[in-house]
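Report on the structure given below.
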């Protein structure tokens, strides 16, 4: 009886239990210690406070990073910075035009290499997703996604830089496209799995062949999701530096040839940051500002597309 | 009709070939790493993992300093990040599931995950390094500024988003009838979190930490910029060191012959370790979400 009542009026029961036992252990208090309701409530509040505090402390680095990049970055950015080539140390001025163009070049190159494969493999997984083969493919996607970028850099070096006898934009593109692939495959698969089954049934019932159903009905309907995936993967590779260290390398001059070393924003940031010259450090902040704006921009657009198009489903 | 069948078949074939391509890609990556590291494996064998000297001039290569460096930095980073990522998981998964404050925290964490590694490195170089140097002067060790502690600090910031987002998902998955039962027995929220949610979500949180560990082990740029690049066995948490990833980043571009092969050997080990860690993590998460979906139906 006593116990039943106790569960309905927890605080009183705890008090009574304490009085009776002279402060014994309570199941929920985790054994031992003071179990008076006041202490339990205080503990509860302290815990909640700690959770909130710790959560917001983890935002501190983010705010600091954004603050530093904005403060140090904006001061450097002007028209010259965006449209001029880097100058040797000691000469004032100059910019990072070649790095901006190089980054765009690398994005286009790796997108061209990875998007067709990624979408096609994604369709395979969503359509034939149950078999043993699909299981293996999925495992490979997971492994590929977790592979450190520096290892992918080594592989691209072995495949492209070695045979072609030199660092090249192409090898950088190969490395980055390998990094894009798992993201595109995953998002394509997830998006296409969300498509209502009736859509496919309706199309097939009208006598539309299977491949046309996929290409003309399912794929366009899922376009927003796939596009989101592509943008997210582009955002991922835009900031990648490690695989470029010994593939695309860097280049102080303008280069449009994919068989020559090519500059990129992340590489330039690394190069400037590790240099001993304060002028170059400020350049690194400027380049960082542009890179962060671009990367976060891609993320934002991806999110925008996802929410805007979802309404039409 | 016949042509239609043909196109149909071709379409299916293309799908299959691209899927196989992904598998082949991974196999070829693996083979490339193995084949390229054969000279080093032949010369050093398993002694590679216990050798303490890394000297390109005398062609003696042992990877122990990098193994120790990697383990120290990644586990230290994980240890620093645990209270924060668990706090965020509980914050987003239990206290504030929705609403403006939750959206703010969640999108901030997402932004944090999206910032390129090289920018973490740059920031660490100009803010964290002087800070650590100050601490080192207080403590009375050689003030390098760069070293294992600095690298771990930046890594811990970088891995919080991964473990926190997975943690949040598993905390949300805790069945509400379990929580309600505990509340009806008179438990406070803290007691529910401590005795119901954390034990229930334990394996999921563990999986999140594993995936974060995988990230930390493979993370290159920020660590390369902040670890001090010393090829000797680290003597403490303030000492400069190298990780498996950072030594490759530093030395691979100029390496030839047996040096390059040894670096690729290091890369192979790095690849295998991260792959194992990631597969276990993914497997645990998949198992949890399967169990949760079973309970719902």
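Table for the structure above
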item	result
Gain upon complete extension [residue A:67, residue A:85; 0.36 nm per residue less C-alpha separation]	3.8 nm
Inter-centroid distance (Cα atoms) of the stretch B:76-150 relative to the stretch A:241-313, Å	22
Inter-chain Cβ neighbour average for residues A:265-272, partner chain, 10 Å	3
Anisotropy class of chain B from Cα gyration tensor, a/c 1.5 cut	oblate
Using alpha-carbon coordinates, inclination of helix A:132-146 to the longest axis of chain A, degrees	80
Protection proxy ranking, peptides A:228-234, B:81-87, B:239-245, A:38-44, average beta carbon neighbours within 10 Å, highest first	B:239-245, A:228-234, B:81-87, A:38-44
In degrees, nearest ten, helix A:37-57 long axis to first principal axis of chain A (Cα)	0
At R0 = 30 Å, FRET efficiency that the Cβ-Cβ distance of residue A:256 and residue A:279 yields, to 0.05	0.60
Shielding by other protein chains, B:21-30, mean Cβ within 10 Å	6
Part-to-part distance (alpha-carbon centres) for the stretch A:127-145 and the stretch B:237-274, which is given in Å	30
Prolate/oblate/rounded call for chain A, Cα gyration tensor, a/c under 1.5 rounded	oblate
Potential extension, residue B:232-residue B:5 segment - 0.36 nm per residue separation minus Cα distance	75.2 nm
At R0 = 35 Å, FRET efficiency that the Cβ-Cβ distance of residue A:39 and residue B:184 yields, to 0.05	0.95
Shielding by partners, peptide A:60-72 (average Cβ within 10 angstrom, other chains)	4
Of every Cα-Cα pair in the stretch B:155-297, the percent that sits beyond 23 Å	52
Point-to-point label distance, residue B:283-residue B:126, nm (Cα→Cβ direction, 7 Å offset)	4.5
Estimated FRET transfer efficiency when R0 is 45 angstrom, pair residue B:41-residue B:101 (beta carbons, to 0.05)	0.25
The stretch A:106-179 shape via C-alpha gyration tensor axes, a/c threshold 1.5	prolate
Per-selection Kirkwood Rh - the stretch A:210-267 (Cα, Å, 1 d.p.)	14.1
Where a label projected 7 Å from the Cα of residue B:24 along Cα→Cβ would reach, residues of the stretch A:148-163 with amide N under 18 Å	A:156, A:159-160
Difference of contour (0.36 nm per residue) and Cα-Cα distance, residue B:58 to residue B:253	68.3 nm
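Here, each number is a calculation from the coordinates, and none is a lab measurement. What you are looking at is a predicted structure, and each value in this text was computed from that prediction instead of being measured. Using ideal geometry, Cβ is built from the backbone for each residue, glycine included, and neighbour counts are taken over all protein chains shown.
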